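Let me begin by presenting the structure, written as structure tokens, before commenting on it.
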Amino acid sequence: MTTLAADREIEHLMTLHPKGFDLSLDRITRLLERLGNPQDRLPPVIHIAGTNGKGSCAAFARALLEAAGHLVHVHTSPHLVNWHERYRLAAEGGGKLVDDDVFAEAIARVAKANQGQKITVFEILTAVTFILFSEHPAEAAIIEVGLGGRFDATNVVERPAVSVIMPVSLDHEAYLGDRVEVIAAEKAGIMKRGCPVVIGAQESETALEVLIETAERLDCPTVVYGQDFLAFEENGRMVYQDEDGLMDLPLPRLPGRHQFANAAAAIAAVKAAGFEIGHRAAERAMANVAWPARMQKLTQGRLVDLAPKGAEIWLDGGHNPGAGIVIAEALAEQEEKNPRPLILISGMINTKDQSGYFSAFKGLARHVYTVPVSKSDAGVPNDELALRATEAGLSSEPVSSVANALMLLRDSWDGPAPRILIGGSLYFAGAVLDENGTPPT
């Protein structure tokens, strides 16, 4: 397999700079000044923070804007298979992942401007986002926060068109704190005085209070899920409601009831950012939205071919207890419509609450195969992960790979074709897409 030029640039950066996050805005601000402050020359920015649902909200916002005929840049992280996935540049007919030569040149230019100063690779790649988005024409830029909010490298945009806070729950406690109100305060750090704010569906009243109080203190025009807008299912359709009235829409292409709230937050955000979205455009967006490794149905590929005949295979990168709950609910919905035995194939990393994730599937999953996460040195050993699944009340066994799990299942299965969920980590989900031969495009 040919190594891409951008990959070589990033690999070189990895040897020069510390891995991981070092939450501060000093280094990125210094670097951006040397680059002429490209973050000040962006199209209207939709800036999205939150623990879960950020990427789905970004995908819905992109689908809405593109369905309405707008040119849109999108920055998301992490990537699943290739670094290029983090940068989708606006194009007629729909945004395209950045070309390798354009990406490599931007990385080299930013690295040169940094002059070897202490910095993280994520900060350099965030500066690359601003370079790319400022130099290619678009009418909107959707930017997902990497970690937290207040000190995330993306939080140098002074006047976003809208700041969006998706559901807040415990995650990345080592960086953000171990109480939901502390994490909510970090996420609220992307709010800017007087700029519109959209607050997505919150499970925690405490988190919601912190977010609303922050928005009020900064005099931000604010709309809140459940108070100012909402979405619900009625007669096999999704109904979106806000002060402008109702929109009767098809069910989103992304499965699971949790996606109603994500879609609603995106509609509210796009409207708050000043864009008009007609009913027809919203219908197209719900039908066309795509977000890999978030309840993605795998229908073909090298791994799919190893599964029991007729098996239904889903891939999801959700990796914390909050994500486990919404994934389990989505699978319970599938079970109601079309009953099948549920089997999990899970890989996780050691910064996550593994037992908390598995607990969501108690009484739903028949068995769990635990596998190593090959693309992360933080992967939990498969035998240890099996213990965590057992602690959560699930039948489990460690195996060496996803391929082996599927073949074991195929050779021993006797009954109706199973429903298989592969997931537990975005790194793991990316490795699965790569091995299956179906990377994001």
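State whether segment 296-436 is rounded, prolate or oblate according to the following rule on the C-alpha gyration tensor (a ≥ b ≥ c being the square roots of its eigenvalues): a/c under 1.5 gives rounded; otherwise a/b larger than b/c gives prolate, and the remaining case gives oblate.
Because its axes are fairly even, with a/c under 1.5, segment 296-436 counts as rounded.
What number, rounded to the nearest 500 deg cm²/dmol, is the helix-based mean residue ellipticity at 222 nm of the chain, given -39500 (n - 2.57) per DSSP H run of at least four residues and division by all its residues?
The per-residue figure over the chain is -12000 deg cm²/dmol.
Are there chymotrypsin sites (Phe, Trp or Tyr not before Pro) in segment 254-324 that DSSP marks as loop and that have at most 14 other Cβ atoms within 10 Å, and which are they?
Qualifying residues, ordered by number: none.
Which entries in the list LYS54/LYS309; LYS118/LYS352; LYS118/LYS192; LYS54/LYS271; LYS271/LYS297; LYS96/LYS309 go over 23 Å, if you measure between the two C-alpha atoms of each?
LYS54/LYS309; LYS118/LYS352; LYS118/LYS192; LYS271/LYS297; LYS96/LYS309
Using modelled backbone amide H atoms (1.01 Å from N, in-plane), which distant-in-sequence or interchain residues come within less than 5 Å of ILE422's amide H?
TRP314, LEU315, ASP316, ILE345
How big is the Rg/Rh ratio for segment 1-112, C-alpha atoms only, Rh by Kirkwood, two decimals?
0.96
Calculate one ³J(HN,Hα) per residue across segment 284-291 by plugging θ = phi - 60° into the Karplus curve 6.51 cos²θ - 1.76 cosθ + 1.60, and present them in order as whole Hz with x for glycine and proline.
Rounded to whole hertz, the list is 4, 4, 4, 7, 9, 4, 9, 8.
Taking the chain as the region of interest, what is the percent of Cα-Cα pairs per 10 angstrom bin, listed from the shortest bin to the one with the maximum distance?
The percentages, shortest bin first, are 4, 21, 31, 28, 13, 2, 0.
Please rank LYS54, LYS112, fewest neighbouring Cβ atoms within 10 Å first, as an exposure proxy.
Final ranking by Cβ density, sparse to dense: LYS112, LYS54.
How far is the Cα center of segment 349-423 from the Cα center of segment 278-340, in Å?
Taking the Cα centre of segment 278-340 as reference, the centre of segment 349-423 is 17 Å away.
Cut-off 10 angstrom, C-alpha nodes, Gaussian network model of the chain. Which of ALA188, ALA265, ALA68 fluctuates the most?
ALA68
Just so you know, all these numbers are worked out from the coordinates, no wet-lab data involved. What you see is a predicted model; the values in this text were computed from it and never measured. Don't worry about glycine lacking a Cβ; one is built from the backbone with ideal geometry, like all the others, and counts go over all protein chains shown.
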